[in-house]
Amino acid sequence: MTPAAAKKNLRSAVRVRLRENAPQSHVALQAQLGRLLARENAECCIGYLAFQQEPVLDQFLGEWLELNRKILLPRFNSATMSYELVEVTDLTSQIVPGHYGIREPIQQLTEIKRLKNNTFWLVPGLAFTTCGTRLGRGAGHYDRLFAKFPQGKRIGIAWEMQLLPEIPQEPWDFPMDYIVTEMRTIDCRAPLT
């Protein structure tokens, strides 16, 4: 079986598992994430606004803004058929339903061209391994963003139930530096013991 076919099968299985068993409380996961970003002294987060059963980070992102820290969010550009990054300062007035039905920044906000130092990506996915391999939804949008902005540390955001022992990897797949779940933070760069 090709990696693409294996990924397609995994996506179907994980989607069913998430629909049936995704946790309802996001508090513990957001607390884990907050501890990691405080320890890393993060200055800027590239966040996401949850879609379907993804862990919701809205409260965390709102608190991050209250601390006068920078948040960037992806916005779909229909001219290029790809995502771009936009800085937001208000998660209410600057957010609208967008492409795929995912909430995203309004069109009036300007696309950013460069990332600041000490930026952390908060990355959703269907599944992850503890080594940092990510299974996305299959369109490659995040991998293209990572290629455009390779700097920054990537944090996979997932429920513990989304951790798998193995995910097929392809040359364009970018690994995560950390995985944060409701139960733990995994440093994917640390050697296995």
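Derivation of every value follows stated rules applied to the coordinates shown; laboratory data play no part. Just so it is clear, the structure is predicted and the values come from calculations on it, not from any experiment. Using ideal geometry, Cβ is built from the backbone for each residue, glycine included, and neighbour counts are taken over all protein chains shown.
Find which of GLN32, GLY101, PRO3 sits farthest along the positive direction of the dipole of the range 1-127, computed with +1 on the beta-carbon of Lys and Arg, -1 on that of Asp and Glu, about the Cα centre.
The listed residue farthest towards the positive side: PRO3.
Please give the charge dipole size of the range 37-184, origin at the Cα centre, charges +1 on K and R Cβ atoms and -1 on D and E Cβ atoms. Round to the nearest 20 debye.
With Lys and Arg at +1 and Asp and Glu at -1, about 360 debye.
Only loop residues by DSSP count here, and only those with at most 14 other Cβ atoms within 10 Å; note down the GluC sites (Glu not before Pro) in the range 10-45 that meet that.
Filter output for the range 10-45: GLU40, GLU43.
From a point 7 Å beyond the Cα of ASN9 in the direction of its Cβ, which residues of the range 160-178 have a backbone N at a distance under 19 Å?
Hits in the range 160-178 for ASN9 at 19 Å: 163-170.
What number does the range 20-104 give for Rg over Rh if you use C-alpha atoms and the Kirkwood radius?
0.98
Rounded to the nearest 20 Debye, what is the dipole magnitude of the range 30-123 about its Cα centre when Lys and Arg each give +1 and Asp and Glu each give -1 at the C-beta?
240
In nm, give the distance between the simple-model label positions of ARG103 and CYS131, each being 7 Å from the Cα along the Cα-to-Cβ direction.
3.6
Test of the criteria: in the range 142-192, which GluC sites (Glu not before Pro) are in a DSSP loop and have at most 13 other Cβ atoms within 10 angstrom of their Cβ?
GLU166
Given THR129, ILE179, TYR48, which one lies farthest toward the positive end of the charge dipole of the chain, if we put +1 on the Cβ of every Lys and Arg and -1 on the Cβ of every Asp and Glu?
Going by the charge dipole, the pick is THR129.
Taking the Cα centre of the range 20-66 as origin, work out the dipole magnitude from +1 charges on Lys and Arg Cβ and -1 charges on Asp and Glu Cβ, in debye rounded to 20.
Around 160 debye, computed over the range 20-66.
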